[in-house]
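Report on the following structure.
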Amino acid sequence: MKIEFTVPGEAIAQPRQRTRVVQFAGKSIAQNYTPGKHPVNVFKAAIQMAARNAHAGPLIVAPVEIEIVATFARPAARTWKTKPMPREPKTGKPDWDNLSKAICDALNGVLWKDDSQVWRAVVTRW
């Protein structure tokens, strides 16, 4: 089975988790979280909406192979009006692994049960 979809906008990588100490049942525990106003939350919601539109069936419970193609705006210094502008590999931030982490986490419970089912991933950044 092949499921393919496009998410509009620029891809946003999963940020580092923040930690806070909370009191629970008389004990201090550390709690990790992603700030609610971080742009990655909007990006994840867009991924989920696109995935639901592409696949209305049950959750996948088998091993999963994914391919992620992320495109980013070209820097102004690399934009020309009169010359062709072929795609160029992106080698700066965001890192490919943080990008795939945001995407795979967003698809938990939408396409598959858990992103631990992903056995092979190909990530390209343009």
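The values are calculated or read from the model by the stated rules, or taken from the named source; none is laboratory data. Bear in mind the structure is a predicted one, so any value in this text is a computation, not a measurement. Cβ atoms come from the backbone with ideal geometry, glycine included; neighbour counts cover every protein chain shown. The area values use the complete protein model at the heavy-atom level, side chains included, leaving out ligands, DNA and RNA. Shrake-Rupley method; radii C 1.70, N 1.55, O 1.52, S 1.80 Å.
A few points about this structure:
- Residue among Ile29, Ile12, Ile103 with the largest mean-square fluctuation in a Gaussian network model of the chain, springs linking Cα atoms under 10 Å: Ile29
- Rounded accessible area per residue of region 31-117, 1.4 Å, Å²: 66
- Within the chain, antiparallel bridges make up roughly 45 percent of the DSSP beta bridges whose residues both belong there.
- Charge dipole (debye, nearest 20) of the chain; +1 at Cβ of Lys and Arg, -1 at Cβ of Asp and Glu: 540
- Computed from phi, the 3J(HN,Hα) profile of region 34-41 under the Karplus parametrisation 6.51, -1.76, 1.60 (θ = phi - 60°) reads 9, x, x, 8, 5, x, 5, 5 Hz, with x in place of Gly and Pro.
- Annotation: amide H-H contacts under 5 Å for Ile60 (H modelled 1.01 Å from N, sequence separation of 5 or more, or interchain): Trp112, Lys113.
- In degrees, nearest ten, helix 96-107 long axis to first principal axis of the chain (Cα): 60
- Carbon and sulfur %, accessible surface of the chain computed with the full protein complex present, 1.4 Å: 55
- Of all lysines in the structure, those lying under 20 Å Cα to Cα from Lys90, and not within fewer than 8 positions of it along the same chain, are Lys101.
- Ranking Asn41, Ala62, Met1 by how far each Cα lies toward the positive end of the dipole of the chain (charges on Cβ) leaves Asn41 at the top.
- Each of the peptides 44-52, 32-40 was scored by the mean count of other Cβ atoms within 10 Å over its residues; in descending order, highest first, they stand as 44-52, 32-40.
- Kirkwood hydrodynamic radius over Cα pairs of region 71-126, then Stokes diffusion coefficient at 4 °C and 1.567 mPa s, in µm²/s: 95
- For the chain, average projected area of the Cα convex hull in nm²: 10.9
- Mean-square fluctuations from a GNM of the chain, with a 10 angstrom spring cutoff on Cα atoms, peak among Leu99, Leu107, Leu59 at Leu59.
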